[in-house]
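**Q** Sending over a structure as structure tokens; questions will come in a sec.
The values are calculated or read from the model by the stated rules, or taken from the named source; none is laboratory data. Since the model is a prediction, treat every value here as computed from it, not as a measurement. When we count neighbours, we look across all protein chains shown, and the Cβ atoms used for this are built from the backbone with ideal geometry, even at glycine.
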Amino acid sequence: MLVFVTGGTGHVGSYVIPDLIAAGHEVVALARSDASAAAAFALGAKVLRGDLADLEGLKTAAVESDGVIHLGYRAELLPSGGIASLVESELATVLAFGEALAGTDKPLVVAGSIGTPMNVGRAAPIGAPVSLGRPATEDDPALPSGPIDSGTLLARNIVETAVVGLAERGIRSSVVRIPTLLHSATGRLQLIMLAKTKGFAGYPGDGKNRWPAVHVRDLASLFRLALEKGAAGKTWHAIGDEGIPFREIAEAIAARLGIPAVSIPADELMLPGYFGFLAAVATLDLPASNAITRQALGWDPLQPGLIEDLDNGHYFPPTDLS
């Protein structure tokens, strides 16, 4: 297949492109800058100069391809327009691909994320994150719709719903939901950088809330499988670790850096302190299952889990441990 890829030189894309090529596919990668073009070429892709703002260019590239993997987003919109601008851009991009691919049964695979439901009852404040009481599955909606959704939650709903809905237009569209924690030999976990800066590894409260994780190499293979044989209108879960207690993650990082692991009280989480921009999600309990994905696509995550992978030296070079 000739596959058009956006975001091909990012952390995820830099694994997706080689995985596609190793499986015998040709890749055309969108590149906005000279640096991105050089990086895409080095990965083995053909390069299409352009950007996500050029919807006509995206449609032409999609028409000329046998399938699309959409990983990119317009990060430059966030400082001035916030999430609303990003949602508008993402929706326009997805619908442009839909217009180009309608009636072709070609695959369109879009990156999504693992979310958490929002409380709509009286047991907790309206809009407070709650746990399902079980791992989220591929059949669960992205998030409930309605006025309680805002910010990134609203973005996730709108874009994922649009992608899945394109199946009704004769497109083999699907969403790969990506967990909070991605790990690989070329990526640096934000939590490690945070611990180095603060001198301790923090966790919220008792740290029992769970975060899922996946190795980016396994994630890349899932994008390929969804492209090759994923059914239309589906969501897939890129889950390697179903849910690791936050305290366990913090303690593993602390042990390897030789610093303490420290509980951050709930009433301090939102202060301009340890978690920074992660404060809003630090307390979320996000366990998620990959059972449907494995059964339907034959996906088998083979890379080490996060805690095991932290033992690999690339996360903690000697300068980190001095």
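**Q** Just to be sure before I move on: is GLY44 surrounded by fewer than 15 Cβ atoms within 10 Å (Cβ to Cβ) and either outside any helix (DSSP H, G or I) or without any contact (Cβ under 8 Å) to a residue 24 or more places away in the chain (or both) in the structure I sent?
**A** On the way: surrounded by fewer than 15 Cβ atoms within 10 Å (Cβ to Cβ): yes; either outside any helix (DSSP H, G or I) or without any contact (Cβ under 8 Å) to a residue 24 or more places away in the chain (or both): yes.
Considered against the rule, which asks whether it is surrounded by fewer than 15 Cβ atoms within 10 Å (Cβ to Cβ) and either outside any helix (DSSP H, G or I) or without any contact (Cβ under 8 Å) to a residue 24 or more places away in the chain (or both), GLY44 comes out as yes.
**Q** Quick one: in the stretch 24-41, of everything that is assigned to a loop (DSSP other than H, G, I, E, B) and not small (Gly, Ala, Ser), which residue is modelled with the highest pLDDT?
**A** HIS25
**Q** For the stretch 53-104, what are the residues that are touching a Ser or Thr at 6+ places or on another chain (Cβ under 6 Å) and of a type in the set (Lys, Arg)?
**A** Hit for the stretch 53-104 is ARG74, nothing else.
**Q** Can you tell me which condition GLN190 does not meet? The list is (1) surrounded by fewer than 19 Cβ atoms within 10 Å (Cβ to Cβ); (2) among the polar types (S, T, N, Q); (3) at pLDDT 95 or above, and all the others hold.
**A** (3)
**Q** Does ILE239 fit the bill of being at pLDDT 95 or above, under 19 Å from the mean Cα position of the chain (by Cα) and among the aliphatic types (A, V, I, L, M)? Outline the logic, then answer.
**A** Working: at pLDDT 95 or above: yes; under 19 Å from the mean Cα position of the chain (by Cα): yes; among the aliphatic types (A, V, I, L, M): yes.
In short, yes.
**Q** Further, regarding this structure: Which residue, of GLY305, GLY298, GLY233, GLY273, is over 25 Å from ARG134 (Cβ atoms), surrounded by fewer than 17 Cβ atoms within 10 Å (Cβ to Cβ) and of a type outside the set (A, V, I, L, M, F, W, C)? Outline the logic, then answer.
**A** Details: GLY305 fails: over 25 Å from ARG134 (Cβ atoms); GLY298 fails: over 25 Å from ARG134 (Cβ atoms); GLY233 fails: over 25 Å from ARG134 (Cβ atoms).
From the options GLY305, GLY298, GLY233, GLY273, the qualifying one is GLY273.
**Q** Let me confirm something: among PRO212, PRO245, PRO287, which residue is crowded, with 24+ Cβ neighbours inside 10 Å and either touching a strand residue (DSSP E or B) at 6+ places or on another chain (Cβ under 8 Å) or on the phi > 0 side of the Ramachandran plot (or both)? Lay out the reasoning, then the answer.
**A** Working: PRO245 fails: crowded, with 24+ Cβ neighbours inside 10 Å; PRO287 fails: crowded, with 24+ Cβ neighbours inside 10 Å.
Result: PRO212 is the single residue among PRO212, PRO245, PRO287 that is crowded, with 24+ Cβ neighbours inside 10 Å and either touching a strand residue (DSSP E or B) at 6+ places or on another chain (Cβ under 8 Å) or on the phi > 0 side of the Ramachandran plot (or both).
**Q** With ILE171, ILE178, ILE148, ILE114 as the choices, which residue is aliphatic (A, V, I, L, M), more than 24 Å from VAL3 (Cα to Cα) and either at pLDDT 75 or above or buried (at least 21 other Cβ atoms within 10 Å of the Cβ) (or both)? Step through it out loud before you land on a result.
**A** Values: ILE171 fails: more than 24 Å from VAL3 (Cα to Cα); ILE178 fails: more than 24 Å from VAL3 (Cα to Cα); ILE148 fails: either at pLDDT 75 or above or buried (at least 21 other Cβ atoms within 10 Å of the Cβ) (or both).
Unique residue meeting the criteria: ILE114.
**Q** So THR93 passes all but one of these: (1) within 20 Å of LEU222 (Cα to Cα); (2) part of a helix (DSSP H, G or I); (3) polar (S, T, N, Q). Which condition number does it fail?
**A** Failing condition for THR93: (1).
**Q** When residues of the stretch 35-77 are filtered for being among the aliphatic types (A, V, I, L, M) and over 26 Å from LEU225 (Cα atoms), how many remain? Talk me through it step by step, then tell me what you get.
**A** We begin by selecting, within the stretch 35-77, every residue among the aliphatic types (A, V, I, L, M); these are 35, 37-40, 42-43, 45, 47-48, 52-53, 55, 58, 61-63, 68-69, 71, 75, 77.
With over 26 Å from LEU225 (Cα atoms) added as a condition, the list becomes 35, 38, 53, 55, 75, 77.
Going through the stretch 35-77 one residue at a time, the tally reaches 6.
**Q** Any residue that is without any contact (Cβ under 8 Å) to a residue 60 or more places away in the chain, charged (D, E, K, R) and either more than 15 Å from SER65 (Cα to Cα) or buried (at least 20 other Cβ atoms within 10 Å of the Cβ) (or both) - is there at least one of those in the stretch 22-40?
**A** Just the residues of the stretch 22-40 that are without any contact (Cβ under 8 Å) to a residue 60 or more places away in the chain, to begin with: 22, 24, 26-40.
Imposing the further condition that a residue be charged (D, E, K, R) reduces the set to 26, 32, 34.
Checking which are either more than 15 Å from SER65 (Cα to Cα) or buried (at least 20 other Cβ atoms within 10 Å of the Cβ) (or both) leaves us with 32, 34.
There is at least one residue in the stretch 22-40 that is without any contact (Cβ under 8 Å) to a residue 60 or more places away in the chain, charged (D, E, K, R) and either more than 15 Å from SER65 (Cα to Cα) or buried (at least 20 other Cβ atoms within 10 Å of the Cβ) (or both).
**Q** Only residues that are among the hydroxyl-bearing types (Ser, Thr, Tyr), more than 30 Å from LEU95 (Cβ to Cβ) and touching a residue at least 12 places away in the same chain (Cβ under 8 Å): list them for the stretch 160-215, please.
**A** So the first thing to find is which residues in the stretch 160-215 are among the hydroxyl-bearing types (Ser, Thr, Tyr), and the list is 161, 173-174, 180, 184, 186, 197, 203.
Right, trim to more than 30 Å from LEU95 (Cβ to Cβ) and you get 184, 186, 197, 203.
Those that are among the hydroxyl-bearing types (Ser, Thr, Tyr), more than 30 Å from LEU95 (Cβ to Cβ) and touching a residue at least 12 places away in the same chain (Cβ under 8 Å): SER184, THR186, TYR203.
**Q** ASP105 versus (1) surrounded by 16 or more Cβ atoms within 10 Å (Cβ to Cβ); (2) not in a helix (DSSP H, G or I): which is the lone unmet condition?
**A** The one condition ASP105 does not meet is (1).
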